[in-house]
Amino acid sequence: MLARPRPRRSSAMKQTVAILASLLSLTLAAPGASAQPGGAGASVAAKIMQRGEADPQNPALLVGLLAELDAETAAHPKVALNHRVRGWVLSHLGRREDAVAAYDAAVELDPKQVDALYECGVVLSDLGRFDEAIARWDAAAKVDPRNIDAFYNAAQTHYNRRQYKQALERWRKAQALDPGDFDVAKKILQALNGLGDKRRAAKAREALIAMWRGSDDERVRGLTEFCFDRKDVGEVHVYAYETFEPKGDLYYVYTFRLTGPDDQLVGAVQLESSAITRAAGTPFVIGFNRDDTHHTTDRAYKQLPTREALWPEVEKVIRAEFADAVR
């Protein structure tokens, strides 16, 4: 998906089953005696969560688990984990508003329910309630300052709203936790370009390319390009990509992918080079793809243009060739 990436599911969530399993070995307190994870109801909730995690796409199973949770929550209403697991089940059943209420109930009982805060943020984002989502992720990061995905998601939501300073602040915090996170490094570059900070963006670009070249992560090394900026032309969202190592008979230096208001791809504009254009003495030319057809424009360059010089010409092509989408 090119536009508005969905919130990352917390890497901390991978530990949920193990954490919940550890609860099963705890000595149980008197029924309903505690809002803490070790209460009597927590043991039941932990087992239910394990069963749900094992088959989260099974609606019949989830409906059954919800019935068990409802009964357990009625018996132990002050056990925060009961409400947190109810939120998880409800969200997987598509009952998002109910899930938010359940997560909030968990946090009211235990303000340190970081998973409830985090997952509630994801659900609120899905609902389009972005201010509330950011507030939950910020709260999750405050409870668990090493929750990199809470910082990441809050930053991405700020970025989507053109709040580049707030996005950069949170992505910087995420990077401090894991300097080798390639996704975060890309996002920092995007935020700096959004702010128009050319000097720091240039350094961030160099660092990103160096990270790519030195990575032993197959997923990272398999990438051929990176998104460095985005712009809007009318109702068209433009996502700007740079190729890591342009080479071959035909290659693209920059690709500007275009999506409509519904985030569906409508086409692309490229700065490209081919053996033919190089032989003609103008190695670089602007082309575009639309409706599965490639077109070449008369905008050609003897030298690689800067991005600043290139963008106005790309915008002209977008307005001329994708006028129905730009409106």
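Annotation: Lys112 fulfils all but one of (1) part of a helix (DSSP H, G or I); (2) over 19 Å from the mean Cα position of the chain (by Cα); the unmet one is (1). Scanning the range 236-265 for residues that are among the charged types (D, E, K, R), more than 22 Å from the chain's Cα centre (by Cα) and either within 23 Å of Leu192 (Cα to Cα) or assigned by TED's automatic domain parsing to the domain that holds Ala202 (or both) yields one hit, Glu245.
Here Ala240 meets the list (1) surrounded by fewer than 15 Cβ atoms within 10 Å (Cβ to Cβ); (2) under 17 Å from Lys187 (Cα atoms) almost entirely, failing just condition (1). When the test is whether a residue is surrounded by 12 or more Cβ atoms within 10 Å (Cβ to Cβ) and either over 21 Å from Phe322 (Cβ atoms) or modelled with pLDDT of 95 or more (or both), Pro312 does not pass it. Among residues of the range 157-175 that are closer than 15 Å to Ala204 by Cα and in the same structural domain as Leu189 (by TED's automatic domain parsing), none has a Cβ under 9 angstrom from a residue that is surrounded by fewer than 16 Cβ atoms within 10 Å (Cβ to Cβ) and of a type outside the set (Lys, Arg) at a sequence gap of 6+ or on a separate chain.
Residues are listed down the side, and each one gets a yes or a no for (1) outside any helix (DSSP H, G or I); (2) crowded, with 24+ Cβ neighbours inside 10 Å; (3) modelled with pLDDT of 95 or more; (4) in contact with an Asp or Glu (Cβ under 8 Å, 6 or more places away or on another chain):
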| residue | (1), (2), (3), (4) |
| --- | --- |
| Ala67 | no, no, yes, no |
| Val85 | no, yes, yes, no |
| Ala101 | no, no, yes, no |
| Asp104 | no, no, yes, no |
| Tyr118 | no, yes, yes, yes |
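Looking at this structure, is Asp262 touching a residue at least 24 places away in the same chain (Cβ under 8 Å) and over 26 Å from Val285 (Cβ atoms)? Judged against the criteria, Asp262 is not a match. Just give me the residues in the range 170-224 being among the polar types (S, T, N, Q) and in contact with a Ser or Thr (Cβ under 9 Å, 6 or more places away or on another chain), in sequence order. Correct list: Thr224 only.
Kindly indicate whether Val44 is assigned by TED's automatic domain parsing to the domain that holds Asp126 and at pLDDT below 95. So Val44 passes the test.
Just checking, does the range 214-227 include any residue being within 30 Å of Arg161 (Cβ to Cβ), exposed (fewer than 11 other Cβ atoms within 10 Å of the Cβ) and not assigned by TED's automatic domain parsing to the domain that holds Gly194? No.
Please tell me if Val238 is under 21 Å from Ala204 (Cα atoms) and either touching a Gly at 6+ places or on another chain (Cβ under 8 Å) or of a type in the set (Val, Ile, Thr) (or both). Considered against the rule, which asks whether it is under 21 Å from Ala204 (Cα atoms) and either touching a Gly at 6+ places or on another chain (Cβ under 8 Å) or of a type in the set (Val, Ile, Thr) (or both), Val238 comes out as yes. Looking only at residues that are in contact with a Leu (Cβ under 9 Å, 6 or more places away or on another chain) and assigned to a helix (DSSP H, G or I) in the range 146-161, which one is nearest to Glu119 (Cα to Cα)? Looking at residues that are in contact with a Leu (Cβ under 9 Å, 6 or more places away or on another chain) and assigned to a helix (DSSP H, G or I), I get Ala150.
Within the bounds of the range 266-283, is there any residue that is touching a residue at least 12 places away in the same chain (Cβ under 8 Å), farther than 17 Å from Val253 by Cβ and within 30 Å of the chain's Cα centre (by Cα)? Checked against the condition, which is being touching a residue at least 12 places away in the same chain (Cβ under 8 Å), farther than 17 Å from Val253 by Cβ and within 30 Å of the chain's Cα centre (by Cα), the range 266-283 yields at least one hit. All of (1) free of Cβ contacts under 8 Å to residues at least 60 places away in the same chain; (2) more than 24 Å from Gly194 (Cα to Cα) hold for Asn147 with one exception: (1).
Right, Asp149: crowded, with 16+ Cβ neighbours inside 10 Å, over 15 Å from the mean Cα position of the chain (by Cα) and in the same structural domain as Arg96 (by TED's automatic domain parsing) or not? Answer is no for this residue. Please verify whether Gly214 is farther than 19 Å from Pro312 by Cβ and without any contact (Cβ under 8 Å) to a residue 12 or more places away in the chain, treating the condition exactly as stated. Considered against the rule, which asks whether it is farther than 19 Å from Pro312 by Cβ and without any contact (Cβ under 8 Å) to a residue 12 or more places away in the chain, Gly214 comes out as yes. Just one of the listed residues (Leu90, Leu65) is in the same structural domain as Asp115 (by TED's automatic domain parsing), farther than 21 Å from Asp126 by Cα and of a type outside the set (Phe, Trp, Tyr), namely Leu65.
The values are calculated or read from the model by the stated rules, or taken from the named source; none is laboratory data. If you're wondering where the values come from, they're calculated on a predicted model, not measured in any experiment. FYI the Cβ positions are ideal-geometry reconstructions off the backbone, even for glycines, and counts take in every protein chain you see.
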